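The values are calculated or read from the model by the stated rules, or taken from the named source; none is laboratory data. Small disclaimer: the values here were computed from a predicted structure and weren't measured. Virtual Cβ from ideal backbone geometry, glycine too; neighbours counted across all protein chains shown. In case anyone asks, the SASA skips ligands and DNA or RNA and just uses the protein heavy atoms, side chains included. Shrake-Rupley method; radii C 1.70, N 1.55, O 1.52, S 1.80 Å.
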Amino acid sequence: MESYTFVADEKARIDKWVSDRGEWSRSQVQEWIKTGVLLVNGTAVKPNYKLQLGDEIEVNIPEAVELEVLPEQISLDIVYEDEDVIVVNKPRGMVVHPAAGHTSGTLVNALLGHCDDLSGINGVKRPGIVHRIDKDTTGLLMVAKNDLAHESLASQLKDKTIKREYIALVHGELVHELGTIEAPIGRDTNDRQRMTVTDRNAKEAVTHFRLLERYKDFTLVECKLETGRTHQIRVHMRYIGHSLAGDPKYGPRRTIDLGGQALHAATLGFYHPRTKQWMEFEAPLPEDFKAELAKLDKIEKTR
């Protein structure tokens, strides 16, 4: 059980005030209030209760109930596999791990159907998953098959030694050929399903980019992650005025029809957990991404 205690420093609705202090939605906070998980001064209140200065809020979040995740025979594009790790080229539209509303058809379901020796370090919901990419992002993902591999890969992520390079098509004609975006990312308080650049409840986020090709109204870039925040590339490129093409959450309404953001995890490199040898893999752009590029008018370089 996770427990939190807060002291109100302003007069505000209890549900909004609490949701602004953690990565929780207002609907989640309202549910806690209704079920007695959240108390004010030791007693139950209504979701529209208006906090008074000095009110003590106590939240006791029960342990999450694990979802039953069943093996499924789903075809996987396995780029590499040995006794310790699997590297998968994930297709667009596949959710990485099960969650409410996505308990089947995920990468985890497919992996459990492929092998039964995944690392259990992240529990039943996310066996073997060290990092993830968004549902509609394509490309390379590493999976641990045992706890030794999981701890090693997680440590490399923390130490920023894993190489993760993405290819992205963004709106607008990018002026700079190289750049670094260093801007903290946190939950958007106006829309809990979105992330944004903010200094409130945020974490360090660093993205390096390099121009690959210019098109009329678009630019193809390579983005290299130094950190791995939720939606990092999508948020950072929007922050500098170049939202990803096809992005339904952070991009403009008038965009390409790709069924999701034009973002591909093209290169993945890490030290093998057992041999300590450097391993590096590449995945070509998916056919739908290449087809969209072929429709664009390329701007020839002047020098």
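Hey, any hits in the stretch 154-165 for a residue that's over 26 Å from residue 70 (Cα atoms), modelled with pLDDT of 90 or more, assigned to a strand (DSSP E or B) and of a type outside the set (Asp, Glu)?
Yes - at least one qualifying residue is present in the stretch 154-165.
Taking the stretch 25-49 only, how many residues are touching a residue at least 40 places away in the same chain (Cβ under 8 Å) and assigned to a loop (DSSP other than H, G, I, E, B)?
Residues meeting the conditions: 1.
Looking at the stretch 140-169 only, could you name the residues that are open to solvent by less than 50 Å² (accessible area, probe 1.4 Å) and acidic (Asp, Glu)?
The answer is 165, and nothing else.
Among the residues of the stretch 267-282, is there at least one that is surrounded by 21 or more Cβ atoms within 10 Å (Cβ to Cβ), touching a residue at least 60 places away in the same chain (Cβ under 8 Å) and not in a loop (DSSP other than H, G, I, E, B)?
yes
So, residue 9, is that one exposed (fewer than 15 other Cβ atoms within 10 Å of the Cβ) and farther than 30 Å from residue 95 by Cβ or not?
yes
Quick one: in the stretch 250-303, which of the residues that are among the aromatic types (Phe, Trp, Tyr) and touching a helix residue (DSSP H, G or I) at 6+ places or on another chain (Cβ under 8 Å) is nearest to residue 132 (Cα to Cα)?
270
Applying the selection to the stretch 2-24, what residues are within 25 Å of the chain's Cα centre (by Cα) and assigned to a loop (DSSP other than H, G, I, E, B)?
Matches in the stretch 2-24: 20, 21, 22, 23, 24.
What is the one condition in (1) touching a strand residue (DSSP E or B) at 6+ places or on another chain (Cβ under 8 Å); (2) closer than 30 Å to residue 110 by Cα that residue 159 does not satisfy?
Failing condition for residue 159: (1).
Of (1) buried (at least 18 other Cβ atoms within 10 Å of the Cβ); (2) in a loop (DSSP other than H, G, I, E, B), residue 74 satisfies all except one. Which?
It fails just one condition, (1).
Here are some residues: 239, 215, 271. Which one is at pLDDT 95 or above and closer than 30 Å to residue 18 by Cβ?
Exactly one residue qualifies, and that residue is 239.
Please verify whether the stretch 81-100 includes one or more residues that are surrounded by fewer than 19 Cβ atoms within 10 Å (Cβ to Cβ), over 20 Å from residue 269 (Cβ atoms) and modelled with pLDDT under 90.
yes
Could you list, in sequence order, all residues of the stretch 10-52 that are farther than 25 Å from residue 198 by Cβ and of a type in the set (A, V, I, L, M)?
33, 37, 39, 40, 44, 45
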